[in-house]
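Colleague: Next up is a structure, given as structure tokens.
What follows draws every value from the coordinates through simple rules; no lab data is involved. Predicted model, so just to flag it, every value in this text is computed and none were measured.
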């Protein structure tokens, strides 16, 4: 009956007039049928929706337990006190809604929902087995799990700026290219300088020696290039890259045509 009311081809099959569909009825048909909080990360559900989300998830979990005859060793009665279980169930509820939301014949439930449900129950069984007596109905409040960080190592990793330049190696035996990086502050004052990096000509034949000069130079993926990386803390405002044909200079800035900059994992200065 609804199709006869809303389908213009049926209503106006033998008329030349423009089809009319009641805007209110169409709005009702297009109205979102799932809760506002569904599709949000559980931790990001706003406080005004949290109670509704808990009740909605509880109703869905109760349906899931009854529908699939799930025992307490998989979903204990205290599931809502265990964040890892809540995360699994909330994700599963989202998937079950998504699998069926089209309201038309679809392979999604068979390919997505049911296989993932079985995989989730296996994960939950493993979680519950580590919760003490929760699987037998005796709730144990979970311990807070956290890490004691090496803060110095954290700062070296996070508050480090890394730049990489790649340049061609010399082509003639005996020639060399040297690289250094100078760290300057906002006033242009030198506050730090890297060790020298450098490379000689690439190896041309097995057994022929090629001098790789001492310093911070590191061969790249090809022996035709030298990649030098320098990392420094964020307080240093600018890195000035320089190159020279001799370790005593004269030093000049990198030409844009010869060098490329790209992000690399942090390395020691």
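Colleague: So if the hydrodynamic radius of segment 49-136 is defined as the Kirkwood radius over C-alpha pairs, what does Stokes-Einstein give as its diffusion coefficient at 10 °C and 1.306 mPa s, in µm² per second?
Modeller: 116
Colleague: Then there is this: For segment 78-198, restrict the atom set to alpha-carbon positions and state the Rg and Dmax in Å.
Modeller: 28.4, 78
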